[in-house]
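The values are calculated or read from the model by the stated rules, or taken from the named source; none is laboratory data. Only a predicted model underlies this, so the values are computations on that prediction, with no experimental measurement involved. All Cβ positions, even for glycine, are placed from backbone atoms using ideal geometry, and neighbour counts span all protein chains on display.
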Amino acid sequence: MNPGLPWLCFVTDRNRCEGRSLIDVVDQAVSGGVNLVQLRERDLATSLLYHLGVELRKITEGRALLLVNDRVDVAIACGADGVQLGEEGLPTEVARDLSKGELLLSRSVHSLESAEKARDEGVDLVVLGTIFPSGSHPDGETGGLERVKEVTAKIDVPVLAIGGITAENVGSVMEAGASGAAFITAITQSPNPENSARALSAKMRQAWASVTSSEVARRE
């Protein structure tokens, strides 16, 4: 399945779902327009992570791509579409060999140098952070829109931005060159994940259409 552009990614965190089932939140988010779900529950035992992956695969099948954070083995076992590799995670070549080339490979990066390295290794996506201050990384360095512009100007791999991105600023992220954005808080802590995802999708598509039209006009 190719979800098309822009990529609207929901990164899971079951501990921030306001007491709701993560499965229900994911289902609502996908109904609202999320086309990429990253299963990131680092504290779960392997068996529990696998079973959660199986449930999320049922929800996302034919509706959104499913990536598993770091765990190539779990991604294969639960029938996911790909794996999200950490910046210091498994080498891309190793992940590709383990998955026999059948998994989508995405890499988290935090600099132009890391993004270029990931591109040269043949990843399908890069997730670039941290763009704005965020609740999950409150003390982390932020690169802002300039980092998005810097990376997207240099590499031809789709770049998804992450970190403090909301409906209010996602348009500027897309205009800076991103092919999509990843969200945690904007969806997990929303009283209505479906409506929030729909609002994010609308903002992203509006900005994407504007950027695409500008590029076409420049070429003509």
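Of note:
- Selection status of residue 95, over 20 Å from residue 42 (Cα atoms) and either surrounded by 15 or more Cβ atoms within 10 Å (Cβ to Cβ) or of a type in the set (S, T, N, Q) (or both): no
- Evaluation of residue 38 against (1) modelled with pLDDT of 95 or more; (2) surrounded by fewer than 16 Cβ atoms within 10 Å (Cβ to Cβ) (one fails), failing number: (2)
- Members of segment 98-111 found to be more than 27 Å from residue 55 (Cα to Cα) and crowded, with 16+ Cβ neighbours inside 10 Å, listed by number: 109, 110
- Taken over segment 31-66, the residue count meeting the criterion of being touching a Ser or Thr at 6+ places or on another chain (Cβ under 6 Å) and under 22 Å from residue 205 (Cα atoms) is 3.
- Test: residue in segment 192-204 that is under 19 Å from residue 20 (Cβ atoms), in a loop (DSSP other than H, G, I, E, B) and touching an Asp or Glu at 6+ places or on another chain (Cβ under 9 Å): no
- Inspection of segment 208-215 finds a residue satisfying the criterion of being among the hydrophobic types (A, V, I, L, M, F, W, C), on the phi < 0 side of the Ramachandran plot and either surrounded by 15 or more Cβ atoms within 10 Å (Cβ to Cβ) or at pLDDT 95 or above (or both).
- Some residue of segment 143-160 being of a type outside the set (A, V, I, L, M), closer than 25 Å to residue 32 by Cα, assigned to a loop (DSSP other than H, G, I, E, B) and in contact with a strand residue (DSSP E or B) (Cβ under 6 Å, 6 or more places away or on another chain): yes
- When 75, 118, 64 are screened for being touching a Pro at 6+ places or on another chain (Cβ under 7 Å) and surrounded by 22 or more Cβ atoms within 10 Å (Cβ to Cβ), only 64 passes.
- Options 179, 201, 136: the member that is within 24 Å of residue 26 (Cβ to Cβ), at pLDDT below 95 and within 16 Å of the chain's Cα centre (by Cα): 136
- Near pairs, Cβ below 7 angstrom, 6+ apart or cross-chain, from segment 167-186 (on the phi < 0 side of the Ramachandran plot) to any residue that is of a type in the set (Val, Ile, Thr) and assigned to a loop (DSSP other than H, G, I, E, B): 173/131; 173/165; 181/165; 183/165; 186/166
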